[in-house]
Amino acid sequence: MASFFKRGATEQKPSEKSINLQKALDRRIKEGALQDSGISLESFRGAAGNGDASNEYNRAVEIVRAAVDSAYGEGTFDGTLTDGQRDAAVMAIGANSNLKGMFDAPVQGIDSVKPGFETRAVGNESFYQTSFGLPQAANGVAPFDYQVERRQWSNEVFDDRNLQNYVKTSVGFHILAARQTPAAEAAYPTYALPPDSNGFEIEVERPLVFNQIWHDVKGNTVDFNRHRKLLLNAYQDHTILQNTATLVKPYWVEGDAENNANYVDNSVVPAAPYDASKPEENFKTSWFRPGARFSLIGVAQNPELAKLGQANTTDTLDHRVMLDKVMLAVKTSDGTSYIPFDTKHLAYSGFNPAFEGQNRKLVLTFSTEDLTLHTGVKDHEGKTPAALATLNTQYANYRVLIALDVNGKINLESSENHIGVASGEVREVIKVTGTGVDAIIEPAEANVAAAIKALFQSIELFGYKLESFLTNFNRAIHGPLVTQERYKDAHVVPLGAPITAQLPVVDVANPTVDVTTPANTLMIRNSNNAISQLFSFEKILEQAQLALNGRNAAVPQIRAIGRWLLRRSWYDKKDFVLTQEINSLQTADRNQNISAGICNMLRIMINTGYYHTNFQAAMDVLGVAVGQKPRVVLLCNPIVANYIWERGDSRTLGDGWEFDIVADADGRFIDRDKDGNPVYRIYAFFKIAGVDGPHPLNFGNMIYKPDLTTQLPITRDNRTTIEFTTQPWTLHVNHCPVLFRLDVHGLREATATSMSIKQTIV
């Protein structure tokens, strides 16, 4: 396998480079006196700080940098190695140079990844942790106590002195092994843990908003989470922050004659739920009766408000009181109907201060001539009014304008309210020809107007509704509550299956072995595991997607910390049959049309998921890439990858979208249909630019813990060999539950055969 490092002027075999790297490491470790003094493992905690890492850590970095650049060419350490490779190599120096600290360190140590910016102290050092940057290893007792069986080493085989001789081998191995194929690395960037940690936890803060939650007096438990809503979702759902706690909501009491006397006749217009969609507002209300005199606050002591206690002198009305709606009893020769009209936005619908009398007194002088009766008008039941039967049939092109004057008064302190009885009259009849803005409106013919007016026997104010609010000067109502809850996921990195190689001794006095093949073996295995994790996570997302259908965006129990920040998880799978979707007259246009078809389908899938997950709001609240879209990563087989990119067009997925296309040879990216034809999978997910470490909005990470490597003389079958052995600690984890999959069918047919143009004969 060709080296992934930069090539020098003189070509060397990968094995030669590996051995040269180890020799350079051995020389520089001895020069740096690290092997004798050891490195405190705590010095590696906080290595991501901005210049605040310990001197020991900085020395280790320089040793590895010098050795790598010496073996593979100047600038390789900083320019070619991934962050995971650099971190793993430097941490391996600490682990192997301080074996006692490595194996005596508390095995419960867990790295903690938390949002925000904060200063952390590490021993006598301090560093500045950036948002979701390199995790800070936990000091002392970890947040949880996962126990991993501590390994015991046989003194008959080797001791610390023997192990110290192989520092260079371990470091060289981890430089080569702590990597994956480009596709695996794109989905799960390598992230190195400190060697004395056996896992990590990632934590997010979730902003929530909710109304007051009341405990059941009967002792029934209350599901608090059901009442709390993610604040970020308010960008898309206005009802989350819509609060009417101070709105006066009249309460119609069943069987209470005194209460009912303030409302219209219940046998004519029955009381109805105030808002049946909200459990706390599923009480009955009705229309006020003209002529009734009552306390508005008194009749508004609904069950929701009554929880705060009976209203008293500290409860007063706000100055803004509006005539919200009126209901007219319209009587014609066809019958009597009760027709509601909105009035809040009409002129003169507000109560204003009285010119004389108490300063808390407001008066209403509502006057309008624009209440309109026409074929689209509905009665209080939402039905076509019986009283307008003749108007709607014989005079369907005519509209009747009603004039109405309503007077009333209210006292803001006592909330005493009174609106007098009122009658309306037909002011004018107009004729309408046409619809919309092209309609022609003109006065009705005299004979027609007279005939229509004769239909109406009476028009009376039957009921009304007010819009008013409590001042809440007594702070009895606190409105919506906000809080910030913390959620965390904990991941323990398992000890994987060992990798062993029988290797010849190159230098008996200074044992140096070629670790290229073992390292490549681990790299390939980790890359395979990455794709396996992708497919496994896909099944969980698909399961969650099916469970969410028809539900109110419940947070799925998916092991992905980003679920707490998104409006919902998202998995979208589509089949795209090129032979059905692509039309082409010329062979020269075929590839371009295929590319356009695939990209158009991906574009709608990605933009739809981006919107419904509320992904941008989650990015903004975390302070990453504010106002910028996330980057899209596309994983697929190399064959179909050539058909995604539109040459010269940077807007393949639409304006504002940047993307990476990463091909992978894993055979699992190709399926077969029932006829044995290839079906190419294309996966897409989001990535936060500039953040490779654990982050709730990045798809995932490969967690890599540098471990001790050994090379020992082993006797089997009366034969002694040198065996190089490593037992890696790796784990692929997902953070963000958003994934897209497009299955492309018929690629071979679409490129090799002529495509018919769909035609419609007209």
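The values are calculated or read from the model by the stated rules, or taken from the named source; none is laboratory data. Quick caveat: nothing in here was measured; it's all calculated off a predicted structure. Here the Cβ is made from the backbone with ideal geometry for all residues, glycine too, and neighbour counts use every protein chain on show.
Points to keep in mind about this one:
- Within the range 318-346, the set of residues being over 41 Å from the mean Cα position of the chain (by Cα), in contact (Cβ under 8 Å) with a residue 60 or more places away in the chain and either buried (at least 17 other Cβ atoms within 10 Å of the Cβ) or assigned to a strand (DSSP E or B) (or both) comprises Leu323, Val326, Met327, Leu328, Ala329, Val330, Lys331, Thr332, Asp334, Tyr338.
- Extreme residue, modelled with the lowest pLDDT, among residues of the range 287-304 that are under 20 Å from Met322 (Cβ atoms) and under 40 Å from the mean Cα position of the chain (by Cα): Asn302
- Ala387 vs. criteria more than 21 Å from Pro250 (Cβ to Cβ) and crowded, with 17+ Cβ neighbours inside 10 Å: yes
- Those residues of the range 260-280 which are free of Cβ contacts under 8 Å to residues at least 40 places away in the same chain, within 23 Å of Phe341 (Cα to Cα) and not in a loop (DSSP other than H, G, I, E, B), in sequence order: Asn260, Ala272, Pro273
- Residue that is modelled with the lowest pLDDT [pool: residues in the range 527-585 that are outside any helix (DSSP H, G or I) and closer than 19 Å to His732 by Cα]: Gln557
- Hits in the range 347-392 (condition: assigned to a loop (DSSP other than H, G, I, E, B) and of a type in the set (Val, Ile, Thr)): Thr375, Val377, Thr384
- When residues of the range 663-686 are limited to those that are touching a helix residue (DSSP H, G or I) at 6+ places or on another chain (Cβ under 8 Å) and acidic (Asp, Glu), the one surrounded by the fewest Cβ atoms within 10 Å (Cβ to Cβ): Asp666
- Number of the condition not met by Tyr464 [criteria: (1) closer than 19 Å to Gly376 by Cα; (2) in contact with a Leu (Cβ under 9 Å, 6 or more places away or on another chain); (3) among the hydroxyl-bearing types (Ser, Thr, Tyr)]: (1)
- Considering the conditions (1) surrounded by fewer than 19 Cβ atoms within 10 Å (Cβ to Cβ); (2) within 30 Å of Leu231 (Cα to Cα); (3) at pLDDT 90 or above; (4) β-branched (Val, Ile, Thr), Ile606 is excluded by exactly one of them, (1).
- Selection of the range 318-340 for residues being of a type in the set (A, V, I, L, M) and in contact with a helix residue (DSSP H, G or I) (Cβ under 6 Å, 6 or more places away or on another chain) yields only Val330.
- Spans of strands (runs of 3 or more DSSP E) in the range 395-485 with at least 1 residues touching a residue at least 40 places away in the same chain (Cβ under 8 Å) and under 26 Å from Tyr274 (Cβ atoms): 398-411, 416-419, 456-467
- The condition (being assigned to a loop (DSSP other than H, G, I, E, B) and either modelled with pLDDT of 90 or more or surrounded by 22 or more Cβ atoms within 10 Å (Cβ to Cβ) (or both)) is satisfied by just one residue among Leu697, Leu739, Leu731: Leu697.
- Unique match (being in contact with a Pro (Cβ under 9 Å, 6 or more places away or on another chain) and hydroxyl-bearing (Ser, Thr, Tyr)) among Ser367, Ser337, Ser349, Ser415: Ser337
- The set of residues from the range 430-470 being surrounded by fewer than 16 Cβ atoms within 10 Å (Cβ to Cβ) and out of contact with any strand residue (DSSP E or B) (no Cβ under 8 Å at 6 or more places or on another chain) comprises Thr435, Gly436, Val437, Asp438, Ala446, Asn447, Ala450, Ala454.
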